[in-house]
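We did not get these values from a lab; they are worked out from the coordinates using the rules stated. Everything quoted here is computed from the prediction, not taken from an experiment. No Cβ is skipped: glycine too gets one built from the backbone with ideal geometry, and neighbour counts run over all protein chains shown.
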Amino acid sequence: MIFDTHAHYDAAQYDEDREEVLSHLRDEGVERVVNISNGWKDMLATLELISRYPWMYGTVGIHPCEIRDLNEERFREMQILCRREKVVAVGEIGLDYYWVRDPEEKKKQREWFVRQLMLAKEEELPVVIHSRDAARDTFEIMRDEHAGSTGGVIHCYSGSSEMAEEYIKLGYFLGIGGVVTFKNAKTLKKVVREIPLSHLVLETDAPYLSPVPYRGKRNSSAYLSYVAEEIAAIKGISRRKVEEVTYNNALRLYKGVS
Ligand code: NI
């Protein structure tokens with residue numbers, strides 16, 4: 001029983017065969033998927049997808065690289081969309097400094113990040129956090145502006161085990177995906193070894209980040225069995241146990257999923 005806590009099935013990579021891919025997931029052991037919003041258009045596509053598939057849930061939120069999509073009017077609209085049926089979190093939101101040199105742009109990212117954290121609190125929804133090349137700023141904002149409220153997940157966790165400890169102390173889950181199966185992912189394997197299974201959830205970030213042996217190819221929630229297998233090997237437990245515990249963790253994370 002697999003719960004994919006983070007996928008993007010609205011992505012163009014599935015335009016040719018989306019129905020086909022999605023209709024097979026349940027036969028492959030995938031029971032629940034949360035489709036995550038990125039930009040404004042993706043968010044609307046997510047809402048459309050979740051209305052069609054009973055086992056799929058969604059989020060409302062704007063990714064730090066897409067904040068040019070945001071303005072006051074749309075922000076108000078987002079608040080209303082948060083109340084739609086099967087919307088279970090605000091995300092993915094956060095900071096991404098990878099392409100950004102301009103300090104003003106970074107400041108804008110932080111402002112919209114904080115506002116979306118506030119929105120999550122108001123709407124009593126957990127948050128899905130994206131952080132790239134901004135570990136310290138992300139952590140400080142999470143600690144100061146959100147900790148202890150609605151909970152959430154640090155998606156595609158890529159930080160140190162020390163920072164992972166800090167996040168779990170604040171009550172967040174860590175999202176673990178295909179990267180953990182890569183040979184060179186030493187830090188992440190260490191995180192998985194040291195952090196209790198009770199704080200981990202499985203995620204694909206499909207269509208990206210496929211696990212070995214599909215690395216570089218289009219991802220599918222069904223491939224999470226390889227991620228579970230790797231976590232099981234690291235922790236010395238069975239794959240079934242990993243799938244079962246992370247499934248229940250995902251239900252604790254996304255309280256709106258039934
Ligand atoms: Ni994502």
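Checked across region 155-173, the condition of being among the acidic types (Asp, Glu) and in a strand (DSSP E or B) holds for no residue. Does region 79-93 include one or more residues that are more than 23 Å from Ala250 (Cβ to Cβ) and surrounded by fewer than 18 Cβ atoms within 10 Å (Cβ to Cβ)? So far as region 79-93 goes, yes, one or more of its residues are more than 23 Å from Ala250 (Cβ to Cβ) and surrounded by fewer than 18 Cβ atoms within 10 Å (Cβ to Cβ). Of all positions in region 189-206, at least one carries a residue that is within 16 Å of the ligand (Cβ to nearest atom) and either without any contact (Cβ under 8 Å) to a residue 24 or more places away in the chain or among the acidic types (Asp, Glu) (or both).
Among the residues of region 58-94, those that are hydrophobic (A, V, I, L, M, F, W, C) and assigned to a helix (DSSP H, G or I) comprise Cys65, Ile67, Phe75, Met78, Ile80, Leu81.
Take region 7-33 and flag every residue that is acidic (Asp, Glu), away from the ligand (no atom under 16 Å from the Cβ) and not in a helix (DSSP H, G or I).
If the condition is that a residue be acidic (Asp, Glu), away from the ligand (no atom under 16 Å from the Cβ) and not in a helix (DSSP H, G or I), then Asp15, Glu16, Asp17, Glu31 are the ones that fit.
Out of Ala11, Ala45, Ala7, one residue alone is aliphatic (A, V, I, L, M) and under 15 Å from Leu224 (Cβ atoms). It is Ala7.
Within region 36-64, being more than 12 Å from the ligand (Cβ to nearest atom) and of a type in the set (A, V, I, L, M, F, W, C) holds for Trp40, Met43, Leu44, Ala45, Leu47, Leu49, Ile50, Trp55, Met56, Val60, Ile62.
Listed by first and then second residue, the pairs linking a residue in region 120-133 that is of a type in the set (S, T, N, Q) to a residue that is assigned to a strand (DSSP E or B) and within 16 Å of the ligand (Cβ to nearest atom), with Cβ atoms under 7 Å apart and 6 or more places separating them unless they lie on different chains, are Ser131/Gly94; Ser131/Leu95; Ser131/Ile154.
Report yes if Lys121 is surrounded by fewer than 19 Cβ atoms within 10 Å (Cβ to Cβ) and in contact with a Ser or Thr (Cβ under 6 Å, 6 or more places away or on another chain), otherwise no. When the stated conditions are applied, Lys121 passes them.
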